[in-house]
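Single-structure report; data block below.
Only the coordinates and a few stated rules stand behind these numbers; no lab work does. Treat the numbers as computed from the prediction; the structure is a model and nothing was measured. In this analysis, Cβ positions are derived from the backbone assuming ideal geometry, glycine residues included, and neighbour counts consider all displayed protein chains.
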């Protein structure tokens, strides 16, 4: 092993919509995870692999930290805690526009204060926050019990400002180590997983009601035809008949729109023609049922 090569696992944590997925996409310079204006877009722990000649950082994008109120939320919190348990460094992303809220204080007190690994407190969205507000942001964390090893940085995940400096700071905390993944691998997840995420993202972007949080996407078939077209069939699961009607839309307009937009995004990422067929199924109370969560990939099979 080359002793000069550094590697490690980094947990990205924070409230919903703090910008964790946007930051990961910015660092990797690719669309790896779904990003929408709605909270709770990320439901799984997703590895994003940053690789260069002398280092490899395995970022763990986690669900937004929240108070669990059903089996789905409990799964999301387990994913975040697993990321911290496996990490060599934690990055706590805070929405610089909202500042340090009561929820941030709860996160720090219940989760971060006991960390034995270094912590970077990163204020995001600073492209729209005046410079003279930085002192107020610092005051917000001054009385929070943080790990002994902590530093504060300011970035704009969307615009890229400060992101390179953040990566350099992360690298400075990592120890010599090997590459955990092949240099050309961007994630631990399969193509099928990311297709499901793209479809769900487009549904989030187009639906204004509560449906996004009751929606699960399951790719049932995905194969390349002889003509090179990638054929995908996927089911969108909701919890009630009324939600199914909204998702389908008048004369099928909504599901057609979601399919058209998702197909375009999949073609852009996969770099090939795609045939995408979507249909909607009602799976009552799936977020509260362990068997359905297991079927949809939120709980590992026994």
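Below, the figures for the structure above:
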{"quantity": "Mean projected area (nm²) of the alpha-carbon convex hull when the stretch 144-302 is viewed from all directions", "calculated": "14.8 nm²"}
{"quantity": "Neighbour-count ranking [beta-carbon atoms within 10 angstrom, fewest first] of 181, 275", "calculated": "275, 181"}
{"quantity": "Rounded to 5, the percent of DSSP beta bridges in the stretch 191-295 classed as antiparallel", "calculated": "45 percent"}
{"quantity": "Distance in nm between pseudo-label sites at residue 109 and residue 256 (7 Å out along the Cβ direction from Cα)", "calculated": "5.4 nm"}
{"quantity": "Inter-site label distance for residue 168 and residue 151 at 7 Å from Cα along Cβ, in nm", "calculated": "1.0 nm"}
{"quantity": "Full-extension gain in nm, residue 281 to residue 295, via 0.36 nm per residue minus C-alpha separation", "calculated": "3.6 nm"}
{"quantity": "Inter-probe distance in nm under a simple model that places probes 7 Å from Cα toward Cβ, at residue 191 and residue 30", "calculated": "1.3 nm"}
{"quantity": "Order of 158, 115, 23 - criterion: other Cβ atoms within 10 Å of each residue's Cβ, fewest first", "calculated": "158, 115, 23"}
{"quantity": "Calculated FRET efficiency for the pair residue 136/residue 288, C-beta based, R₀ 30 Å, to 0.05", "calculated": "0.15"}
{"quantity": "Net length gained if the chain between residue 240 and residue 268 were fully extended (0.36 nm per residue, minus Cα distance)", "calculated": "6.8 nm"}
{"quantity": "Sites residue 206 and residue 102 - FRET efficiency at Förster radius 35 Å, r taken between beta-carbons, to 0.05", "calculated": "0.60"}
{"quantity": "Residue order, fewest to most surrounding Cβ atoms within 10 angstrom, among 184, 241", "calculated": "184, 241"}
